[in-house]
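The values are calculated or read from the model by the stated rules, or taken from the named source; none is laboratory data. Only a predicted model underlies this, so the values are computations on that prediction, with no experimental measurement involved. Note that we place each Cβ from the backbone using ideal geometry, even for glycine, and neighbour counts take in every protein chain shown.
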Amino acid sequence: MSANENKTVPNALPAGHRFNEFEIKEVIGGGGFGIVYRAWDHLLERTIAIKEYMPVSLAIRNEDLSLGLRGERFHKIFQAGLNSFIQEARLLARFNHPGLLHVLRFWEENGTAYMGTLYYSGMTLKEWQITSPQSIDEAWIRQLLPPLFGAINTIHRAGYLHRDISLDNIQIQENQLPVLLDFGSARKEIGNLADETEIMLKPGFAPIEQYSEESEDEQGPWTDIYALGAVLHTLIAGNPPPASVVRSIEDSYQPLASLQPQGYSLPLLHAVDCALAMKPEDRPQSIDEFAALIDLPVSDVQQLVTAVNAPLEELAEPESVLPAESVILAVNPAAGAAEPVTPPVRRRLSPALLALSVCALVVVVALAVVLNSGDDSDAGVEHAASAANSAAAASSQPVKSAPVMATVYLKLRAGETLLLNGAAADVKPNNSGYAALNLAAGEYKIEVRQQDRVHTQTLKIERAGTWLINPGS
């Protein structure tokens, strides 16, 4: 049974629609930026996957099945995302690596673009953790890492970064080999260009340098290594590390080497801690360096091809074999961006986030729009939102009745006063100079006043989370 089975996705193409030899059979995934279909290749008589660029916030499906813009003002953003989608397809098509998504072809039609890929069976690491947590131990992780290292290293050596490595972007096939999913370049491009669109970063997995457009030059292999460290932390500890943007205010990260979870060796735990260093220069600078810390090889293509052709029983113990009925597509419609590799943003964080969970860390971070000053231009958008609650996912009992609460951090300087919906708020900054507000769901007008200058921002809170606001100077 597919994890996406019977999933209803608005604006999807109907079953039976044809692209020459490709016939759509069903929708198997969908997000805010794309729709994924299972299709049949009548020419070669095989199942493939097709991913369609479909940003729902910008476009709608017309009666003739083409895409139309929701407004002319979206034309530039839509086109930029489309171009990034096409460039990503071209990039993936360059690689012929068993651990990377294999693009068969791509084309433009219906006012948008499509990517045809191999159809992979298996489940994502996120689904594996939920359904088979008992199978995850150090031996299992050490079996997983060499081929995953090889896939990531291939990208890096070609001069690119993935920038969206996470549990739901790594697929475990039935032969136990991992596949690193697509980059989601269109999603990042739209997030960068849209005036008030969320930048789609995954709190806990994205390092601090990814939260600022000005830090492009500080990103490198160490950026993906941080995300990979977060993946390993989640597999080992059951939850992701605190979000880097919150750690930058006051770092509450507890090193795994100090916690020493049962069954895991100190070299592995220490390597994960190094990968999760806040400063990029303190992390391993390459996959080879990271692998050396764990004393693991980086599998080459020939080793992986041999492994793919080996009998399944040679690849894993019987209890670790993936359930045969689990079949999903190795394309994540809402997946981070491929960027040329080009080295560190600092700061420190509040333990307020830990109050959101007792048994498992729940981190939901959103960077709000930077407050505008009366004589300054827009400072730009830095708004990130996501949710990560492994405990709730594992128990399949999400809390629905609790009121929506959010913590808003904002820089408060000497002589400044804070007004919330026109009323003075009695808050004081902490040692890092940040004041904190706990707000229920709703819309808020936040004003920071200093003599004759006023910085104003409107926030709409619809879910639990943490907002970081940096008023303009």
**OP:** Scan segment 67-76 and give yes if some residue there is over 19 Å from Tyr37 (Cα atoms), outside any strand (DSSP E or B) and among the acidic types (Asp, Glu), otherwise no.
**Re:** yes
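Quickly run through segment 275-289 and pick out the residues that are within 20 Å of Asp300 (Cβ to Cβ) and either touching a strand residue (DSSP E or B) at 6+ places or on another chain (Cβ under 8 Å) or assigned to a loop (DSSP other than H, G, I, E, B) (or both).
As a first pass, look at segment 275-289 and keep what is within 20 Å of Asp300 (Cβ to Cβ): 284, 286-289.
Residues satisfying the conditions are Pro284, Ser286.
Checking the condition within 30 Å of Asp300 (Cα to Cα) and out of contact with any helix residue (DSSP H, G or I) (no Cβ under 7 Å at 6 or more places or on another chain), which residue from Thr8, Thr47 passes? Before you say what the answer is, go through the steps one by one.
Numbers: Thr8 fails: within 30 Å of Asp300 (Cα to Cα).
When all the criteria are applied, what remains is Thr47.
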Original post:
Is it the case that Leu67 is surrounded by 13 or more Cβ atoms within 10 Å (Cβ to Cβ), outside the structural domain of Leu180 (by TED's automatic domain parsing) and touching a helix residue (DSSP H, G or I) at 6+ places or on another chain (Cβ under 9 Å)?
Top reply: yes
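Here is a yes/no grid of residues against (1) surrounded by fewer than 22 Cβ atoms within 10 Å (Cβ to Cβ); (2) within 21 Å of Thr47 (Cα to Cα):
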| position | (1), (2) |
| --- | --- |
| Leu101 | no, yes |
| Thr117 | no, yes |
| Ile130 | yes, no |
| Asp137 | yes, no |
| Trp140 | yes, no |
| Gly159 | yes, no |
| Asp164 | no, no |
| Leu180 | no, yes |
Original post:
Which residue pairs have Cβ atoms closer than 9 Å, lie 6 or more positions apart in sequence or on different chains, and pair a first residue in segment 116-143 that is at negative phi with a second residue that is among the acidic types (Asp, Glu) and part of a strand (DSSP E or B)?
Top reply: Gly116/Asp41
**OP:** Consider only pairs whose beta carbons are under 9 Å apart and that are at least six residues apart or on different chains; among these, list those whose first residue lies in segment 243-260 and is over 21 Å from Tyr409 (Cβ atoms) and whose second residue is part of a helix (DSSP H, G or I) and charged (D, E, K, R).
**Re:** Pro255/Asp273; Leu256/Asp273; Ala257/Asp273; Ser258/Asp273
**OP:** Can you tell me which residue within segment 22-42, out of those that are modelled with pLDDT under 95 and not in a strand (DSSP E or B), is surrounded by the fewest Cβ atoms within 10 Å (Cβ to Cβ)?
**Re:** Gly32
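Can you tell me how many residues in segment 234-254 are hydroxyl-bearing (Ser, Thr, Tyr) and at pLDDT 95 or above? Spell out how you get there, then give the answer.
Step one: of segment 234-254, the residues hydroxyl-bearing (Ser, Thr, Tyr) are 234, 244, 248, 252-253.
From the residues that got through so far, the ones that are at pLDDT 95 or above too are 234, 253.
So the answer is 2.
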**OP:** Among the candidates Glu138, Glu174, Glu127, Glu109, single out the residue that is outside the structural domain of Gln210 (by TED's automatic domain parsing) and among the acidic types (Asp, Glu).
**Re:** Glu109
